[in-house]
Amino acid sequence: MDDPPRSREALIYAGSALLFTILQAALGAMAVIWPTSDAVLATHFGISLIAFSSTWLLSAWAKRRVLDNGKGSIRRTSYSRIPASIFGWTTAILVYCMGVVYLGAYIRHTQSAGGCIGWPLCNGELVPELTNATGPVFAHRLGAVIMLIAVVLLLVLVRNKTEGNKELLSIAKLSVALVVTQVLSGWLLTSTLHNEDVYVFTSLLHTIIISALFSSLCLLAVRAKQMSSRR
Ligand code: HEM
């Protein structure tokens, strides 16, 4: 028989995936029917990200469930001493990440990727003149560097505050690996800007990695919350 609270958890993930996919489709349809601003179009990406992450959370839940069933009970390994601050910081980073994502999607919809040529310098300068397309692209890069630092600090926090909780530590490590790859894929994107045939793939890579990164951070937030409330 199903364990009711855990089934409720799965229903929330499945319901959220359904809701945000419908929202995504509705926004897409509205954009085709009515003229839609670039700012509104850029929110499209954030909605798809939530739908994707909900599915990721559902699959992680199912995996945990299989492991639990294998043991015939709910696992209770090292759930003690998980401070609420892990959940708080991860949620703050997720909100911040949405800002960086929004800027990236804004660049895509306004076709302003050429605003910064070169990497790590932007148009040969550490801080360029922020005119036209350069402003959002430079802000996106700056946002990416801050995000990289934030996720590394989160790993340090998880390592120091969870007394070696293996599950949280491995999700935090995966998040660091993904944020590093995300920044590197941004560099790849920039260096293929003038080759349309390759750019379509580097752009896709950038999109795939952020989907995994956002989902990984969502999973960290959910697991940290569950473990801290079981103290
Ligand atoms: C944590 C770091 C980063 C995140 C979360 C992020 C996220 C995103 C997202 C979500 C998009 C929109 C994709 C789409 O609409 O299909 C995007 C676009 C873009 N990003 Fe990033 N990005 C990051 C780092 C970087 C870096 C370091 C660079 C440059 C060196 C960069 C350059 C770009 C460019 C040029 C675009 C526009 C792509 C296009 O027009 O197709 N990104 N980014």
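Look at where the Cα atoms of the range 176-229 and of the range 155-175 average out, and the two centres are 19 Å apart. I need the calculated FRET efficiency for the pair MET98 and THR131, taking r as the beta carbon distance and R₀ as 25 Å, to the nearest 0.05. E(calc), rounded to 0.05, equals 0.45.
In the chain, Cα pairs under 8 Å separated by at least six residues give a relative contact order of 26 percent.
Ordered from highest to lowest accessible area with the whole protein assembly present and a 1.4 Å probe, TRP89, TRP187, TRP61 read as TRP89, TRP187, TRP61. Residue separation of SER7 and ASN160 scaled by 0.36 nm, minus their Cα-Cα distance, works out to 51.8 nm of gained length.
Take the Kirkwood radius over Cα pairs of the range 159-231, plug it into Stokes-Einstein at 10 °C and 1.306 mPa s, and you get 115 µm²/s for translational diffusion.
Atom-type composition of the exposed protein surface of the range 103-231 places 65 percent of the accessible area on carbon and sulfur (1.4 angstrom probe). Size descriptors for the range 99-220, from the alpha-carbon set: Rg then Dmax equal 15.7, 49 Å. Using a probe of 1.4 Å, the accessible surface attributed to LEU130 totals some 110 Å² when neighbouring protein chains are kept in position.
What is the helix-to-structure angle for 166-191, meaning the angle in degrees between its Cα long axis and the longest Cα principal axis of the chain, kept from 0 to 90 and rounded to the nearest 10? In the chain, helix 166-191 runs at an angle near 10 degrees to the longest axis. Would you mind classifying the range 8-50 by shape? Square roots of the alpha carbon gyration tensor eigenvalues, ordered a ≥ b ≥ c; an a/c under 1.5 is rounded, otherwise it is prolate if a/b is larger than b/c and oblate if not. It comes out prolate by the Cα gyration axes. Applying 1/(1 + (r/R0)^6) with R0 = 41 Å to the Cβ-Cβ distance of ARG81 and LEU184 gives a FRET efficiency near 0.70.
The largest accessible area among VAL222, VAL95, VAL152 belongs to the first residue in VAL95, VAL152, VAL222, and the rest follow in falling order (1.4 Å probe, all chains). Overall, the chain carries a charge dipole of about 1420 debye about its Cα centre when +1 sits on the Cβ of Lys and Arg and -1 on the Cβ of Asp and Glu, all other atoms neutral. Pair-distance distribution of the range 26-153: all C-alpha pairs, bin width 10 Å, starting at 0; shares per bin in whole percent are 11, 26, 29, 19, 11, 4, 0.
P(r) for the range 101-164, from all Cα pairs and a bin width of 10 Å, is 21, 40, 20, 14, 5 %, short bins first.
Annotation: per residue accessible area for the chain equals 56 Å², rounded to a whole number [probe 1.4 Å, protein chains only]. Our helix-only sum for the chain, with -39,500 (n - 2.57) per DSSP H run of n ≥ 4 divided by its residues, gives a mean residue ellipticity at 222 nm of -28000 deg cm²/dmol. Here the label points at ALA26 and PHE201, each 7 Å from Cα along the C-beta direction, are separated by 3.9 nm in the simple model. Among the GluC sites (Glu not before Pro) within the range 161-218, those in coil by DSSP and having at most 15 neighbouring Cβ atoms inside 10 Å are GLU163.
Just the C-alpha atoms of the chain: what Rg/Rh do they give, with Rh taken as the Kirkwood radius?
Taking Rg over the Kirkwood Rh, I get 1.02.
Accessible surface comparison of MET98, MET227, probe 1.4 Å, protein chains only, largest first: the order is MET98, MET227. Here the calculated FRET efficiency for ASN69 and LEU169, from their Cβ-Cβ distance with R0 = 25 Å, stands at 0.55, rounded to the nearest 0.05.
The values are calculated or read from the model by the stated rules, or taken from the named source; none is laboratory data. Here the structure is a predicted model, which means the values were calculated and not measured. Neighbour counts run over all protein chains shown; Cβ positions are idealised from the backbone, glycine included. Ligands, DNA and RNA are stripped out before the accessible areas are found, and what is left, the full protein with its side chains, is counted by its heavy atoms. Shrake-Rupley method; radii C 1.70, N 1.55, O 1.52, S 1.80 Å.
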